[in-house]
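Below: the structure, in structure tokens.
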Amino acid sequence: TLSHFEPMSERYKITFAEIGGLEKLKREANLKIIQPFKNPELFKRFKKQAGGGILLYGPPGCGKSYFARAIAGECGATFFNVGIDQILDMYVGNSEKNLKHLFQSARNVKPAILFVDEIDALGRRRDLLRHTNMTSTINAFLAELDGVESDNSDLLIIGATNAPWDVDSAFRRPGRFDRTLFIPPPDEHAREEIFRLLLEGIPSQNLHLSELAKLTPHFSGADLKGVVDRAGEAVIEEILEVEEGRVLLQDDLLKEISDSKPTTMEW
Ligand code: ATP
């Protein structure tokens, strides 16, 4: 069965304001990725056009998908979020057809952004491949990236991976995924910002976000979200059982932090 590709709804897009930390990356992405979409004339004068390929890499849960969604929100392009299993198909020839169809859907609504998570599953170094028929899928993908048969201007392809070293070097050539952005685990300042965003609007009292940030080294953004979610659930449970006016307190968060393990240790 061939996949059908639909753009994500506008609501799926976010803005840079919703991302904690990563200030330097936001500035870099603004200049190199977003402004070419917003001021095409200026960039054309310097012989640059919007689009191309970018590889986002870094530990899981630190905002690669989130960052891609924010790029979409900031540059006002149509956004396609593609899972690798929407492309790979066990029947010979179908993966190639899916790829063609995907790029065609995106070119039809340019300017557009294609976000492909876990790109290493597609662009895996050939020496790691077990199925030889993957080669034709990879070649089909490279042909689409190169725009061999079609015009890729105003088409941005963002690939994300936790394992950049597994990505085939053919993917990294000029004109393909020739720009790489590392999305690091959040540092203390970024963790404070992420806590601020996650806790915004939740009924609470006397929170000290800087203390929470200090106590969560190696926590990913997703780990921090887990802490806030679980602390909130515990408070809701208490409210339902006994205390109507109970709000979220520092101790609720401290307890969840001490019960949690960070996931970005090795990075
Ligand atoms: P994976 O590799 O597992 O797909 P990822 O790096 O793409 O992970 P996201 O899915 O973008 O990570 O992040 C997971 C969740 O963690 C987000 O939905 C968001 O709630 C939160 N989060 C991560 N990083 C940030 C951040 N910098 N600011 C705000 N929230 C964040």
- Message: Name the single residue that is modelled with the lowest pLDDT among those in the range 12-31 being open to solvent by 50 Å² or more (accessible area, probe 1.4 Å) and within 14 Å of the ligand (Cβ to nearest atom).
- Response: TYR12
- Message: Restricting to the range 219-239, give me the number of residues that are in contact (Cβ under 8 Å) with a residue 60 or more places away in the chain, part of a helix (DSSP H, G or I) and small (Gly, Ala, Ser).
- Response: 2
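From the list ILE202, ILE183, ILE239, exactly one residue is in contact with a Lys or Arg (Cβ under 7 Å, 6 or more places away or on another chain) and exposed (fewer than 15 other Cβ atoms within 10 Å of the Cβ). Which is it? Walk me through it before giving the result.
Numbers: ILE202 fails: in contact with a Lys or Arg (Cβ under 7 Å, 6 or more places away or on another chain); ILE183 fails: exposed (fewer than 15 other Cβ atoms within 10 Å of the Cβ).
That would be ILE239, the only listed residue that is in contact with a Lys or Arg (Cβ under 7 Å, 6 or more places away or on another chain) and exposed (fewer than 15 other Cβ atoms within 10 Å of the Cβ).
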- Query: Just to be sure, is LEU197 within 13 Å of the ligand (Cβ to nearest atom), in contact with a helix residue (DSSP H, G or I) (Cβ under 7 Å, 6 or more places away or on another chain) and of a type outside the set (Val, Ile, Thr)?
  - Reply: yes
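Residue-wise test of (1) within 16 Å of the ligand (Cβ to nearest atom); (2) buried (at least 19 other Cβ atoms within 10 Å of the Cβ).
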| site | (1), (2) |
| --- | --- |
| ILE33 | no, yes |
| ARG45 | no, no |
| ASN81 | yes, yes |
| TYR91 | no, no |
| ILE119 | yes, yes |
- Item | Test: THR216 is in contact with a strand residue (DSSP E or B) (Cβ under 7 Å, 6 or more places away or on another chain), closer than 30 Å to ASP120 by Cβ, within 16 Å of the ligand (Cβ to nearest atom) and not in a helix (DSSP H, G or I) | no
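State which residue is farthest from the ligand (Cβ to nearest atom) when the search covers only the range 47-77 and only residues that are of a type in the set (A, V, I, L, M, F, W, C) and open to solvent by 10 Å² or more (accessible area, probe 1.4 Å).
We begin by selecting, within the range 47-77, every residue of a type in the set (A, V, I, L, M, F, W, C); these are 50, 54-56, 62, 67-68, 70-72, 75, 77.
Retained after the next criterion (residues that are open to solvent by 10 Å² or more (accessible area, probe 1.4 Å)): 62, 75.
Working: CYS62: 5, CYS75: 18 Å.
Of everything passing the filter in the range 47-77, CYS75 is farthest from the ligand (Cβ to nearest atom).
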- Selection status of GLY175, out of contact with any Lys or Arg (no Cβ under 6 Å at 6 or more places or on another chain) and either within 10 Å of the ligand (Cβ to nearest atom) or closer than 21 Å to TYR66 by Cβ (or both): no
- Only one of LEU181, LEU209, LEU224 that is at pLDDT below 95, of a type outside the set (Lys, Arg) and within 15 Å of the ligand (Cβ to nearest atom): LEU181
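The values are calculated or read from the model by the stated rules, or taken from the named source; none is laboratory data. The model shown is predicted, which means the values in this text are computed figures rather than measured ones. Note that each Cβ is placed from the backbone with ideal geometry, even for glycine, and that neighbours are counted across all protein chains shown. Calculation scope for accessible area: heavy atoms of the full protein, side chains included, ligands and nucleic acids excluded. Shrake-Rupley method; radii C 1.70, N 1.55, O 1.52, S 1.80 Å.
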